[in-house]
């Protein structure tokens, strides 16, 4: 006879009806979110090409580095990378872009610490959160100045995070 010890197993909950509904429209939402994500990261890289004037330090944003569309940011203060992810909340699919700074532990081993990021909803502009003070990057704006201003503010937050740690 086999006895299973339940105290050593993980307990998973069933998905709520709301989360199940969020899975029903993945295809069209995913394509739109990827398009917005890629346009945002490309716009940030373009703004960053003027970064030596912008930050008065050598800042370079390059990418994508792989099929995951990971971008790398190198500055005189350290490096960061973008990491893409997915999240379902309130029956909606969201794409996430998290920027992580490169750190060294006390043994000299590299690890990555999340410092800043943004969320992209289906047919929504990228935003750094849900609070009133969240940065919104109007990527689809017909006004390049608004888009570039949002990208600059995002790059400032990332550079601040490279220097000081997570921007919260």
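Please treat every number below as a calculation from the coordinates, not as lab data. These numbers come from a predicted model, not from an experiment. No Cβ is skipped: glycine too gets one built from the backbone with ideal geometry, and neighbour counts run over all protein chains shown.
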**Asked** Which distance in nm do the two modelled labels at residue 104 and residue 135 give, with both placed 7 Å along the Cα-to-Cβ direction?
**Response** 2.8 nm
**Request:** Just order 70-79, 148-157 by mean Cβ neighbour count inside 10 Å, highest at the front, would you?
**Result:** 148-157, 70-79
**Difference of contour (0.36 nm per residue) and Cα-Cα distance, residue 16 to residue 86** = 23.4 nm
